[in-house]
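Encoded as structure tokens, the structure appears first; notes follow it.
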Amino acid sequence: NSRVCLLKLCVVWSSAVNLRGWNDPPPMAYSASSGSGPGRLGLGRRPRQPTTNPGMPTPALFTPGLSSTQSADVMSGIPNDAPPRGPSPTQPAGDIQAVEGSLSDGPLPSSDEQKQKIVDIIGERCKQCVGCMAGKTGQSMEARVKIFLDSLQNGQLSDQVRERMYFLSLALEKYEMEVAKTLQVAIMVDHVSEVSQWMVGVKRLIAEVEKLPEEER
């Protein structure tokens, strides 16, 4: 009886081993003894060169008599008579000090005189332009300019920004619009964090003053 029980246990155990659970991985067809299975990838092999049309000539990397850049242009299909590539020439930045010197021949006024001059000129030009602008556009410009004037009168601007805005105001007073735009860009580039809240209003003011007809200047 013990032998029969042992035999039954062996049969049950062998059949349980062959059963697969729901999450068991699929059996691999590869056998180490038979050596079957996917072959190794030929990582050391050189890739096959693409075949070309025998009737089409293969372009050379470098054309005799041409520079490396011109040869690259030939390869990319750029004609030889095309203009040279590279950054387009830009207008050099003007000398800001020379621009400021052209607006005033005398010595630089005191800070209080600069402030008063700025307030008078900017205020007068705003009155000229607001009446010709749409409601919201004019109100937005006035609000930005007011932020600038408040910062100026409260001493919240640096000396360099105040001085440059003084010369910008002189340019607006004389209707020298190109000079005013040059100074506005220079201030915005050099002091962007200081003037970001109100410079857009000054820029709008310059654009509106430039639109004024000659009889209103």
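The values are calculated or read from the model by the stated rules, or taken from the named source; none is laboratory data. Computed from a predicted structure; not experimentally measured. No Cβ is skipped: glycine too gets one built from the backbone with ideal geometry, and neighbour counts run over all protein chains shown. Accessible surface areas use protein heavy atoms only, side chains included; no ligands, DNA or RNA. Shrake-Rupley method; radii C 1.70, N 1.55, O 1.52, S 1.80 Å.
Things to note:
- Gyration tensor (alpha-carbon) shape descriptor, the stretch 96-217, a/c threshold 1.5: oblate
- Taking θ as phi - 60° and the Karplus parameters 6.51, -1.76 and 1.60, the scalar couplings of the stretch 123-133 work out to x, 5, 5, 5, 4, 5, 9, 4, x, 9, 9 Hz in sequence order, x denoting glycine and proline.
- With Cα atoms as the point set, the stretch 158-217 shows a radius of gyration and Dmax of 11.6, 38 Å.
- Solvent-accessible area per residue, Å², over the stretch 94-217 with all protein chains present [probe radius 1.4 Å]: 54
- Fully extended contour minus Cα-Cα distance, from VAL119 to GLN97, at 0.36 nm per residue: 5.7 nm
- Take the Kirkwood radius over Cα pairs of the stretch 95-149, plug it into Stokes-Einstein at 25 °C and 0.890 mPa s, and you get 186 µm²/s for translational diffusion.
- The stretch 85-186, dipole about Cα centre (Lys/Arg Cβ +1, Asp/Glu Cβ -1), debye to the nearest 20: 540
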